[in-house]
Protein chains: 2
Amino acid sequence: MNDHTSRSYEEELSRLKDLTATMGELTQEQLEGVLEAIERFDKDLAARVIEREPEADRLEHQIDSLVVRMLALRQPVAVDLREILTGLRTANELERICDYAEDVAGRIVALHATEVAPTRSLINLGQFAAAMVKDAMRAYGERNAQDAQSVWLRDKEVDEMYTALFRELLTYMMEDPRRISASTQMLFIARAFERVGDRATNIAEMVNYMVRGETIEEPRPKGDTTKTMVPPSES
Amino acid sequence: MNDHTSRSYEEELSRLKDLTATMGELTQEQLEGVLEAIERFDKDLAARVIEREPEADRLEHQIDSLVVRMLALRQPVAVDLREILTGLRTANELERICDYAEDVAGRIVALHATEVAPTRSLINLGQFAAAMVKDAMRAYGERNAQDAQSVWLRDKEVDEMYTALFRELLTYMMEDPRRISASTQMLFIARAFERVGDRATNIAEMVNYMVRGETIEEPRPKGDTTKTMVPPSES
């Protein structure tokens, strides 16, 4: 590889890093948008999150094209290849997180203000998951495997928060069947935030792999017991 | 590229195709497993689906490693590169579908027999989504863009079935709050099947891209209106 090739290769790697960081910022803004929309019950803000969704698709498409070009024209090996593939997969995870933000925004738009409860637990869960995304992307930017691992460990906590909220929502529905329809939407919003945390954990795993060249061997700690939950009224 | 390199490259491509096909068959078996488990309310069968989940992870890992090696050691361009990346992404979609099957299986294990209703609509939705996966994988195996496009067009139908079932489940919960807990699990099972259809559609899109080298330009037809649904009792 001559100097010229090598320089433009470095430029491409740095462009990949920039694009992924930009996509990370957009994802952060989308999550903050829906959280604020829930807190203030602001449907216009939720609608703006939906409007911005194509930005995520465009960024992912740009990253995809760049990666395909880099793989085709260069022969990346070892750490470079890991870096390129991590960029590709991180972009894919971010795009899915933006999809969840859009999904949540769509549900907010359809809700009535009086139906939105319990708001606090939902926002706490969403903020916790959003912080995981932020920290996973910082670990990616700084190539910090240790920080990535600490994000990875928080997956259990997000699962536990989700389980508690799930229980709260079931109780809420049982107390008053008129709340069933809205609470079902809240259940799906809660589930979306839990999935956001899961995808932040995926990013953290990839950052660890990119930096260390090896995968985390321990099984991911899980705290989601909603599938086997006995509802409060039956326990 | 000399004959020897070229031959072993062909071998790798064919191994990638075989691994992806094997993973497609496993995915099919996992979906059939949960559908039969729901139909006969067979918790042992559901437990076996959960036990087999690591097979999907292993296959995806093998495909990942093979693709990384092919990208690193060869310089695939144009159709070969598209084929390799489609294999990688298809494996990723299949792994997520297997995750949904495992998620559904976990919910079945925790349900009581008397709570499982409305079973028929749920099985219809699941079978429809499973058929989409099967047809998308056949289109992949046969490199048939036309068949892929016909899978892609069925996404709207799966969304409509999901929307109808969602409405049915809400009504069911409102009629008797004691059904809320179980019906919530059924809602998540329905949602999982809807997502399976979505991922089959993703595979179909990639097969079309692999064969034709261009993406489907029209927006994906959507029929999921559950987010904005007015429940039966309020309409």
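The values are calculated or read from the model by the stated rules, or taken from the named source; none is laboratory data. What you see is a predicted model, and the numbers here were worked out from it, not measured in a lab. Neighbour counts run over all protein chains shown; Cβ positions are idealised from the backbone, glycine included. The accessibility values were calculated without ligands, DNA or RNA, using every heavy atom of the protein model including side chains. Shrake-Rupley method; radii C 1.70, N 1.55, O 1.52, S 1.80 Å.
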Look at A:E142 and say whether it is open to solvent by 50 Å² or more (accessible area, probe 1.4 Å) and either within 11 Å of chain B (Cβ to nearest Cβ) or more than 30 Å from A:S14 (Cα to Cα) (or both). no
If you check every pair at least six apart or on different chains, which have Cβ atoms under 6 Å apart with a residue in segment B:156-183 that is within 18 Å of B:L111 (Cβ to Cβ) and polar (S, T, N, Q) first and a residue that is part of a helix (DSSP H, G or I) and at pLDDT below 95 second? B:S181/A:L170; B:S183/B:L169; B:S183/B:Y172; B:S183/B:M173
Could you grab me the full set of residues in segment A:174-227 that are more than 22 Å from the chain's Cα centre (by Cα) and either closer than 17 Å to A:E83 by Cα or aliphatic (A, V, I, L, M) (or both)? A:M174, A:I180, A:A182, A:R212, A:G213, A:E214
Any idea which residue in segment B:49-75 is surrounded by the most Cβ atoms within 10 Å (Cβ to Cβ), counting only those that are among the β-branched types (V, I, T) and facing chain A (nearest Cβ under 10 Å)? B:V67
If I ask for residues that are open to solvent by 30 Å² or more (accessible area, probe 1.4 Å), within 9 Å of chain A (Cβ to nearest Cβ) and more than 19 Å from B:A136 (Cα to Cα), which ones from segment B:76-94 would you list? B:V77, B:A78
Test: residue in segment B:212-219 that is part of a helix (DSSP H, G or I) and either within 11 Å of chain A (Cβ to nearest Cβ) or crowded, with 16+ Cβ neighbours inside 10 Å (or both): no
State whether one or more residues within segment A:153-170 are in a loop (DSSP other than H, G, I, E, B), more than 17 Å from B:D103 (Cβ to Cβ) and either open to solvent by 10 Å² or more (accessible area, probe 1.4 Å) or modelled with pLDDT of 95 or more (or both). yes
What do you reckon, is A:S183 within 14 Å of another protein chain (Cβ to nearest Cβ) and polar (S, T, N, Q)? yes
List the pairs whose first member sits in segment B:133-144 and is charged (D, E, K, R), whose second member is open to solvent by 50 Å² or more (accessible area, probe 1.4 Å), and whose Cβ atoms are under 7 Å apart, counting only residues at least 6 apart or on separate chains? B:D135/B:D147; B:R138/B:D147; B:R143/B:V211
Counting only residues that are in contact with an Asp or Glu (Cβ under 6 Å, 6 or more places away or on another chain) and under 13 Å from B:I97 (Cβ atoms), how many does segment B:27-68 have? 3
It is to be established whether one or more residues within segment B:193-200 are within 20 Å of B:A37 (Cα to Cα) and of a type in the set (D, E, K, R). yes
In segment A:115-139, what residues are modelled with pLDDT under 95 and not β-branched (V, I, T)? A:E115, A:A117, A:P118, A:R120, A:S121, A:L122
